[in-house]
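Readers should treat all values here as calculations from the given coordinates under stated rules, not as data from a laboratory. Keep in mind that this is a model prediction, so the values were computed, not measured. Note that each Cβ is placed from the backbone with ideal geometry, even for glycine, and that neighbours are counted across all protein chains shown.
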Amino acid sequence: MMAAFILAFSVLTLLMFFVSYCRSLTASSLHTSITEDVRDVTGIQVRAVGRDYARVMQILQLCPDRPEDRSGLQIVGAYYSFLNLLDQGFARMFPAVRPWAEEERASCAHYAAVALGRRIALNREMLAQQVEL
Amino acid sequence: MSDSIGLVIWLVGMIGGVCFITSSLIRGSFLKYFFLNLYVLLSMSADLSRQYVLRTRGLQSSEYYYVYYYTDCLLTIALFVAVISLASRIFEELKLGRFVRSIAVLLLLGTAGFSYAVVAQSSERLSTTFASELSQNLYFVGLVLTYLLWGAVLKLHETRTRLVQMVLALGLYFSAYAGSYALVNVASKYEVVQYLGPILGCFLPISWAMTLLRHSEEARLTPARLVAVPR
């Protein structure tokens, strides 16, 4: 009984910390605007929306990898999947969750778009170095 | 626990620890986050000594039993000190750093006294029982302190990205660890449950290393973005 209570309590707090941790990751990219290059390749107009995430991730996989972005993108990816799950299940019972989940997915897409911008810049640098050689 | 899976998890944990120590040395944060580094160093030493005793004496030996419980107790105290070091950094602007440290020492002594009192009542006054009791109780106190610390982060509108992410990683680790302990009690027949604790142990140094590598000491974030459900 006690173990079940601790389990339920820790699952709830785990979710709370997970959401806050992911929000702290996505918040760190919010003051970086999406570059013109990224807007061109992804078709993002003014600001990213939730459904942009999948497209941005597809393009991200075509660019050379930056190891420092990898773990952050994986965690944000897990958060995005969690939000999708929330939207498909929980939000049907509690529709008020839907706008919040959409806002969060948009910040995931923004995070990925900022990472894409960094990868495009790295790509350009590598190309410039090759031309110099 | 299967030998090869256990070894893989152990290796990932060691690599995570090395990553954190290396990144804090590279970023010049070793002394700034000294107690977090100390915890990771102790955790790596404990892992090495446990592995050595496991290989030489075996899982069922009394040596392994002693090494396991005493290193566990030492690690819990180190983690408790790490939580307090983060708390005193958060409260330093309110000039409450010394107060927080005094409370922490009292809490540590109180928990040790309480654990001793519990063990002293039993017929087998084993020192390992005391170590395991102290470890469990300190673990719970650490969990409560992390929640209080998170509350303070939100209340004081803490903006330092590194501090915020380190506290959040601790919160995630503590909740997941508490959950996995409970899960072991609820569903011990499933072998996968036994891997949860060691896997979660790898998460903490990796997430701290990620924070140090990704953010500078000057990085700030908006406190309103941190609340799980905005009010």
Angle between the Cα long axis of helix B:62-90 and the longest principal axis of chain B, 0 to 90 degrees, nearest 10? 10 degrees
Percent relative contact order of chain B, based on C-alpha pairs within less than 8 angstrom and at least six residues apart? 28 percent
Taking GluC sites (Glu not before Pro) as exposed when in a DSSP loop with at most 16 other Cβ atoms inside 10 Å, chain B has its longest clean stretch at B:1-123
Can you give the Kirkwood hydrodynamic radius for the protein assembly as shown, in Å, rounded to one decimal and based on Cα pairs? 22.5 Å
Positive end of the charge dipole of the protein assembly as shown (Lys, Arg +1 and Asp, Glu -1 on Cβ, about the Cα centre): tell me which of A:ALA54, A:TRP100, B:VAL141 has its Cα farthest that way. A:TRP100
At B:ALA120 and A:VAL131, where each label point lies 7 Å from the Cα along Cα→Cβ, what is the point-to-point distance in nanometres? 7.9 nm
Neighbour count of at most 13 Cβ within 10 Å plus DSSP loop: longest trypsin sites (Lys or Arg not before Pro)-free window in chain A: A:52-133
What helices does chain A have that are whole DSSP H segments, at least 20 Å long along their own axis by Cα, and with mean Kyte-Doolittle hydropathy of 0.0 or more? A:2-30
Run the numbers for B:ILE103 and B:LEU31: contour at 0.36 nm per residue of separation, minus the present Cα-Cα distance, in nm. 23.6 nm
Using label points projected 7 Å from each Cα along Cα→Cβ, tell me how many nm separate B:THR159 and A:GLN61, to one decimal. 3.9 nm
Tilt relative to chain B, helix B:97-121 - C-alpha long axis, 0 to 90 degrees, to 10: 20 degrees
Of the trypsin sites (Lys or Arg not before Pro) in region B:8-66, which ones lie in a loop per DSSP and count no more than 16 other C-beta atoms within 10 Å? B:LYS32
Efficiency of FRET from Cβ geometry, B:LEU59 and B:LYS95, R₀ 41 Å, rounded to 0.05: 0.25
Full extension from A:ALA78 to A:GLN45: what is 0.36 nm times the residue separation minus their Cα-Cα distance, to one decimal in nm? 9.4 nm
Cα convex hull of region B:15-96: mean projected area in nm², to one decimal? 6.2 nm²
